[in-house]
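The values are calculated or read from the model by the stated rules, or taken from the named source; none is laboratory data. What you see is a predicted model; the values in this text were computed from it and never measured. Because the Cβ atoms are built from the backbone with ideal geometry, glycine has one as well, and the counts that use them run over all protein chains shown.
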Amino acid sequence: MFDRIAARYDLLNRLLSLGRDGAWRRALVRALDLHAGDRMLDVAVGTADVALQVLRAHPQVVAVGIDPALAMLRLGAAKLGNRHPAGGWHLVGGDASGLPFNTGVFAGVTIAFGIRNVPDRLAALAEMARVTRPGGRVGVLELQVPDHGPLQPLARAWVRWVVPLAGRVLSSADEYRYLRRSMEAFPSPREFSSLMAQAGLTRVTARPLEAGAVRLYVGEVPR
């Protein structure tokens, strides 16, 4: 599915988030508290927007990305190659539930708008914790439908009607119906925070962005 929409993925992200997705990714990168010489991993890297944010904010950090959708990886590699031809990044194909990296090799790990699509979320979170060094952070950025608050009716209408309509016009209605269903079925902030704790992460926080339509989850690997 993601291979099919790869060419339009960035445009749709900008339109459907009303241009706010870049700010959400910047908040995710800041939450890792990276320093020069660190290595970080972005799971479900897609077209590499998180990796680009990392290298923009931390030119001396090495950004590694992994994704099973090879068409997305090709586009991400082209973007990174154009903007960072000297390197500082590496993309590989692979699955979130079985990361092909040694234990504790990354200062921080992220996944942006991807954990929703992983069949075994607990296994993926445990893998992300495993490859993060003690004291490092795992950050998860995910879309959610607010369950309360003044913007809740508007957010629900956006997800139920605007997202599928935009997908039908600009891409494929089937893919964006899937996006709506997966958002509506995603665990509550309390449930997902508990899942991160089950994966071995501590000091888990769930920060609402855009009145709760997006959540930034951060957990720490015990020292």
For this session: Kindly indicate the residue of segment 191-223 that is in a helix (DSSP H, G or I), among the hydrophobic types (A, V, I, L, M, F, W, C) and at pLDDT 95 or above and also surrounded by the fewest Cβ atoms within 10 Å (Cβ to Cβ) among those meeting that condition.
Result: Ala197
For this session: Using the structure shown, decide if Leu91 is of a type outside the set (Gly, Ala, Ser), surrounded by 13 or more Cβ atoms within 10 Å (Cβ to Cβ) and not in a helix (DSSP H, G or I).
Result: yes
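Give the residues of segment 101-146 that are at positive phi and modelled with pLDDT of 95 or more, sorted by residue number.
Gly104, Gly135
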Problem set entry | All positions within segment 47-63 that are under 14 Å from the mean Cα position of the chain (by Cα) and surrounded by fewer than 24 Cβ atoms within 10 Å (Cβ to Cβ) | Asp49, Leu52, Gln53
Exercise. Would you call Asp21 closer than 18 Å to Ile115 by Cα and surrounded by fewer than 22 Cβ atoms within 10 Å (Cβ to Cβ)?
Worked result: yes
Exercise. So which of Pro119, Pro100 ends up being outside any helix (DSSP H, G or I), surrounded by fewer than 21 Cβ atoms within 10 Å (Cβ to Cβ) and touching a Ser or Thr at 6+ places or on another chain (Cβ under 8 Å)?
Worked result: Pro119
Problem set entry | Test set (1) assigned to a loop (DSSP other than H, G, I, E, B); (2) at pLDDT 95 or above - Gly149 fails condition number | (2)
